[in-house]
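K.L.:
Take this structure, written in structure tokens, and hold onto it; I'll ask about it next.
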Amino acid sequence: MSGARAGAQPNSQPNPYRTVENWFRMPEGRTWGSTSAVEIDPDGKSIWVAERCGQNSCAGRNEASILKFDSSGKLLKSFGEGRFLFPHGIHVDQGGNVWVTDARGAEGKGHQVTKFSPDGKVLLALGKAGVSGDGPDTFNQPSDVVVAANGDIFVADGHDRNTNARIVKFSKDGKFLKNWGKRGSAPGEFDTPHAMALDSRGRLFVGDRGNNRIQIFDQEGKFLEEWKQFSRPSGIFIDKNDVIYVADSESNAARNPGWKRGLRIGSAKDGSVTAFLPDPVADPDRSPTSGAEGIVADGMGNVYGAEVSPRGLKKYVKN
């Protein structure tokens, strides 16, 4: 089904959720930094977050930027001290390992994807620390990472307009397999590949944010279709039932006319959009980004939005 046929009128879906503020409790003396990275643990209840050290960057700071919370919002563990400049994307694989992308680079840090054990041990690092490039062993501001059922690794490589615009595929042990994409707006081209998710069929959904669309590929990089009915995607999550959750933190009259910022929920099977949670900012045109940029849902259907400008993590529960 094409995006045109699957979509309803923009911003027209109901909002069956209410917002829960301050659910997640940071350690005493520590405040939330910006975060675009939120993920669900394999237990279906615990929430993982990578936040930017109380600011919008971890440069020069040494806070543990990877945090795990239980379903009550209590902090369970933290790690990653001194590892990142700009933690951006997060993925937790079937074994509970935590993957985080660093979408900046300087002074021997960044431009990497790091795999941690559930307890914070570094198991694998892709890319060269602090080195930007577009080769088989370098990235330029990688935005997101996802791991397939067979262990293959996909990296969305590129965050700003002057960086890469490609998807890079590796084997489970980190061997380069292939890449695809370049900057542009045609099928298979990208303008900021900002987020990724896999559905139950193994299709790779890429949030092509600068082009206001989701592109869908098979795992060899074959373009299947594009969807525009989920607006300007900053974050994507697909649950085991193929419910798709998409965060739009950037739409405004200039970037995506007619579309409002917020969270959209629907079906990864047919592309239908069934719910829309509007951005809480009354006048988003005054801000380049607001509301949630990262998004995930737990096994109970509660939704969590990771926010960059407001700096925090909101919980949304059904009324």
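K.L.:
Translational diffusion coefficient of segment 1-120 at 25 °C, 0.890 mPa s, Stokes-Einstein with Kirkwood Rh over Cα pairs, in µm²/s as a whole number.
P.N.:
Taking Rh from Cα pairs, D becomes 155 µm²/s.
K.L.:
Something else about it: Rounded to the nearest Å, what's the spacing between the alpha carbon centres of segment 208-262 and segment 13-81? Just the number, please.
P.N.:
The two parts, judged by their Cα centres, are 23 Å apart.
K.L.:
Specify which labelled value, from (i) 135; (ii) 168; (iii) 120, agrees with volume of the Cα convex hull per residue in Å³ derived from the coordinates of the model shown.
P.N.:
Read-out taken from this structure: (iii).
K.L.:
Return a whole-number percent for the relative contact order of the chain, with Cα pairs under 8 Å and 6 or more residues apart as the contact set.
P.N.:
Over the chain, the number comes to 17 percent.
K.L.:
Within 10 Å of each residue's Cβ, count the other Cβ atoms and sort Ser65, Ser78, Ser71 from fewest upward.
P.N.:
In increasing order of surrounding Cβ atoms, one gets Ser71, Ser78, Ser65.
K.L.:
Mind pulling up the Rg/Rh value for segment 176-255? Radius of gyration and Kirkwood radius, both on Cα.
P.N.:
0.96
K.L.:
Can you compute log10 of I(q)/I(0) for segment 7-72 with the Debye formula, treating each Cα as one identical point scatterer, at q = 0.21, 0.25, 0.28 Å⁻¹?
P.N.:
Taking Cα atoms of segment 7-72 as identical point scatterers yields -0.94, -1.13, -1.27.
K.L.:
Give me the percent of Cα-Cα pairs in segment 139-286 that sit more than 26 Å apart, rounded to a whole number.
P.N.:
21
Values quoted throughout were computed directly from the atomic coordinates according to the rules given, and no laboratory measurement underlies them. Because the structure is a prediction, the values reported are computed rather than measured. Note that each Cβ is placed from the backbone with ideal geometry, even for glycine, and that neighbours are counted across all protein chains shown.
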